[in-house]
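A quick write-up on the structure given underneath.
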Amino acid sequence: MNPLRIAIAGAGLIGRAHTQCIRELDGCSLAAYADPSPNAAALAAESGVPLYNGLAELLERERPDGVILATPNALHVPGALLCLASGVPVLVEKPVADTLDDAQRLVEAADRTQVPVLVGHHRRHSAILEQAVDTVRSGVLGQLVAVTASATFVKPDSYFTDGPWRAQPGGGPILINLVHEIDNLRALVGDIVEVQALASRATRGHPVEDTVAINLRFANGALGTFMLSDCAASPRSWEQTSGENKRYDHHADEDCYVIAGTHGSLEVPTMRLRQYPGERSWWAPLDTRRLPLPDVDPLQRQLAHFCQVIRGEATPRVTAADARKTLQATLAVAEAARTKRVVVVR
């Protein structure tokens, strides 16, 4: 079988991460880059592939088997639509779009053309999340009751000086970080139907929030709370607890999610499963066991899945329609924080 030729639009940090995955995975090869920035030339030369200023030219000249869109958020849907018009399967980085209307345009185009669209919520390919989802769906926790979750961490000052837009509205942790967490919770617990939120910018004083307290209602009746902060000296974030991205400080004994049902609870990512062996009572002992997990790279697994999608061996694990629901719930949190009102997610 000939290796799949995969092109990358966007030669920034995430584009480089995808490049490394392509280099390490058998069955695919890097075809070209599309990126008008000066830094892209060095990466293309290092990789030994052509560089194009725009995606349209790349699609016309190279005809790759698939395209990874690692471009700024506002370019996700225009780039994906170009790929669909050319009949080329596309992996679109998250969030799928920066507005719901644009996300819906992509959903409709994918339905119309039947060209595969995979959205890059790479944690869906995590062995941790996969095991947690399977455990919840097995029914061992009973009826889901409550979720307590957090993403509390500190972004250094250089994060904002290197990218001043991050200190402005739209650059805060709701739109940059929470979209990952909302997608995880949707996979674990189900669709979110109602949100409340209080936001603060008291620590940094930027025009954008730095801390958010969130209440969630899920379609199955479960309730959730989420604490989000990018200025809290705490390791209770997915990156710092899961150990999947080796760049982050790792705290293997900490959890960022606790999912509780009528018969048991699951702590993620330590995967501690707690159940009553007999009577269900706060006076009775809870048995605890830790579920085993393989050590895998979710970004690498996502690329392998994308290759299967290109070959017609699998359907996208995260479709444009699915990613639109994640975006919708995330934007609802931003609206709830802004208006100080309960927001219904339809």
Label-to-label distance, nm, for residues given as Asp134 and Tyr159 (7 Å Cα→Cβ offset)
3.3
List the lysines whose Cα lies under 16 Å from the Cα of Lys94, skipping any in the same chain that are fewer than 8 positions away.
Lys325
Between Thr339 and Glu60, what FRET efficiency follows from the Cβ-Cβ distance if R0 is 41 Å, with the result rounded to 0.05?
0.35
With all protein chains present, how much of the accessible area of segment 242-286 (probe radius 1.4 Å) comes from carbon and sulfur, to the nearest whole percent?
51
Over the Cα atoms of the chain, each weighted equally, I'd like the Debye log10 I(q)/I(0) at q = 0.15 Å⁻¹, rounded to two decimals.
-1.36
Per residue, in Å², the accessible surface of the chain once ligands and nucleic acids are set aside, probe 1.4 Å
47
By the Kirkwood definition, with r running over pairs of different Cα atoms, segment 81-229 has a hydrodynamic radius in Å of 17.6
Enter the Cα centre distance for the pair segment 212-280 and segment 14-59, rounded to the nearest angstrom.
36
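For the chain, what is the mean residue ellipticity at 222 nm derived from helices alone (per DSSP H run of n ≥ 4: -39500 (n - 2.57); sum divided by total residues; nearest 500 deg cm²/dmol)?
For the chain, the value works out to -10500 deg cm²/dmol.
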Rounded to two decimals, what is the ratio between the C-alpha radius of gyration of segment 1-143 and 2.2 N^0.38 Å?
1.15
For segment 29-81, the convex hull over Cα atoms projects on average to an area in nm² of 3.7
Please report the projected area of segment 178-300's Cα convex hull averaged over all directions, in nm².
9.9
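On full extension of the chain, what length is gained from Val258 through Gln20, given 0.36 nm per residue of separation minus the C-alpha to C-alpha distance?
The Val258-Gln20 span can extend by a further 82.4 nm.
Taking 41 Å as R0, compute the FRET efficiency from the Cβ-Cβ separation of Asn39 and Val115 and round it to 0.05.
Details: r = 30 Å, r/R0 = 0.73.
According to the calculation, E is roughly 0.85.
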Near the amide H of Thr211, under 5 Å away, which other amide H atoms are found, from residues 5 or more places off or on another chain, if H is placed in the peptide plane?
Ser200
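The values are calculated or read from the model by the stated rules, or taken from the named source; none is laboratory data. Model, not experiment: these values are computed from the prediction. Virtual Cβ from ideal backbone geometry, glycine too; neighbours counted across all protein chains shown. The accessibility values were calculated without ligands, DNA or RNA, using every heavy atom of the protein model including side chains. Shrake-Rupley method; radii C 1.70, N 1.55, O 1.52, S 1.80 Å.
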